[in-house]
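Below is one structure; the comments refer to it alone.
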Amino acid sequence: MTESALQELLAAGSERGSRSPSAPVILPGQAAVTLSAMTTDLIPPFADDDFHRVLCVVAHPDDVEYGTSSAVAAWTARGVDVAYLLLTRGEAGMDGSPPERTAQLRTEEQIAGSRAVGVSEVEFLDYPDGMLEYSLGLRRDIARVIRRRKPDAVVSGSWEVEGRIGLNQADHRVAGLAAVDALRDAANRWVFPELLDEGLEPHSVRWLLLSGDPRPTHGVDVTGEPLERGIASLEAHAQYLAGIPGHPEPRLMIRGITALQGGAMGVPNAVLFRAWDFHAPPPIAAEALAAAQAQDG
Ligand SMILES: [Zn+2]
């Protein structure tokens, strides 16, 4: 999170949830529904049977906890198996604390945060925090976990330089790009043949779900219990957050983030994703076929 992003999200949370006593009380859901109905079509939810096993691939402890973990709580509550793969332990994240101590602390906080939303397993690849490099080795290591866990959906973040919350952090860009490439690698028998030697057959993931994408296609209603569990998952990073000057209270922050996204779905609190279906032909294929048929007359 950048400071400007924090300010934006804090402002959103204040606007919707923390008006002064004299201001009119507007419930987040009502305001959101009205705005969405006036301006856009609502973002649809995923179908309940779209996926059953999810793997979230992120760079650092706490990366999942800024909204996505509330969606994770909604999924695990209905029996979806969700695991986390962290590429680093976030050891470079606390200026006043040596990396070895920070790694230990942030590992413990991540495991506690994961438990709060029902995650089945948390794995760490131990790449260096702050210096994560896009590489074939990183792709292979992510592909290995994908083949072993066999998820039908992989969740990761954007690899764009600029995104919804401002300029994207270097490790976050690398993590997103390596995750999408590893998703394809995991399905290709002839890429990383050493994985076959380890007994790991190709696995074809159907969905890539990108969080924080400015062009969301699907959403998860997290109103109520999932939101509460998502807040608890960020609160689990208490010692880490205490070292970030001006970081808003987790409750205010997650309420604000999910209220902003809820507006697009017509619910009080939501988490939005851009979903790519790797088992469907790209939309351009149907357009191209139609164009060819039109030429045929
Ligand atoms: Zn991060």
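Every number here is computed from the coordinates shown, using simple stated rules; none is lab data. As the structure is a prediction and not an experimental result, all values here were calculated from the model. Cβ sites come from the backbone with ideal geometry, for glycine too, and all protein chains shown count toward neighbours.
Per-structure values
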{"read-out": "Selection from G137, S114, G219 lying farthest towards where the dipole of the chain points positive, charges on Cβ", "value": "G219"}
{"read-out": "Order of W75, W207 under a 10 Å beta carbon neighbour criterion, fewest first", "value": "W207, W75"}
{"read-out": "Label point distance in nm, R215-E194, each placed 7 Å from Cα along Cα→Cβ", "value": "3.6"}
{"read-out": "Rounded if a/c under 1.5, otherwise prolate or oblate - region 172-251, Cα gyration tensor axes", "value": "prolate"}
{"read-out": "Estimated FRET transfer efficiency (A285, E108; beta-carbon r; R0 35 Å; 0.05)", "value": "0.15"}
{"read-out": "Two-site label geometry, E133 and D277: point separation in nm, points 7 Å out along Cα→Cβ", "value": "4.0"}
{"read-out": "Volume per residue that the Cα convex hull of the chain spans, once the total is divided by residue count, Å³", "value": "151"}
